[in-house]
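The values are calculated or read from the model by the stated rules, or taken from the named source; none is laboratory data. On a predicted model such as this, the values are computed, not experimentally measured, just so you know. Quick reminder, even Gly has a Cβ in these numbers, built from the backbone with ideal geometry, and neighbours come from all protein chains shown.
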Amino acid sequence: MRNTPPESPVLSISDRLPGGASGDPLVRLFESMRPDLLRFAQWLARDRGIAEDIVQESLLRAWRSREALKDPSAARPWLLTIVRREHARLYERKRLELVPLEDVAETQASPRLADPDSELFALRHAIMKLPIEYREPLVLQVIGGFTTEEIARELELSSTAVLTRLFRARNKLRVSCGMAAAPDATEAGEPA
């Protein structure tokens, strides 16, 4: 397998396809989505190499089941869902190595890590501390670019439940960052 330059993290789909398939509009669509997929996979995996593998496998899965994509405008949520599921499959197959607590404490104290005083570090830490039912819709909306309806379909919730979880996630982030929580509509005397 050839080495890819840093600016091209995943092999181009058109390089692997026979003949004239690279002119296929679906191939161009997949290639245009690759940077977004890689960004989302890297956020999920927290490792560039693993993210590249996830995206490559996801694009192969998407290509194999391309007939399932009836509407090209739905390609973004469809591909992001494939990436999320491929990331989950990675951990179904692999048992994580257990590390002694002392080693983790030494790593946390290492000066190589991001500055723990930075606002970005604090925000990431606050997001990771959110309960999964609040964190997942927030990440899908902010990083993934999903609409409320797409998140509701993906998480098998109502749109109202998604909006409530997004509101509560943002409020929890505000409080953890030292800001005042936004008032709840039901608490402000408005009808529910």
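Quick notes on this structure:
- Residue match in the stretch 157-178 (condition: modelled with pLDDT under 90 and outside any helix (DSSP H, G or I)): yes
- For the stretch 56-89, the set of residues classified as of a type in the set (A, V, I, L, M) and either over 18 Å from F146 (Cα atoms) or free of Cβ contacts under 8 Å to residues at least 24 places away in the same chain (or both) consists of L59, L60, A62, A68, A74, A88, listed by residue number.
- For the condition more than 23 Å from A152 (Cα to Cα), among the charged types (D, E, K, R) and under 14 Å from the mean Cα position of the chain (by Cα), R48 qualifies.
- Scanning the stretch 64-83 for residues that are part of a helix (DSSP H, G or I) and in contact with a helix residue (DSSP H, G or I) (Cβ under 7 Å, 6 or more places away or on another chain) yields R66, P72, A75, R76, P77, L79, L80, T81, I82, V83.
- Flag for Y134 being assigned by TED's automatic domain parsing to the domain that holds I50 and at pLDDT 70 or above: no
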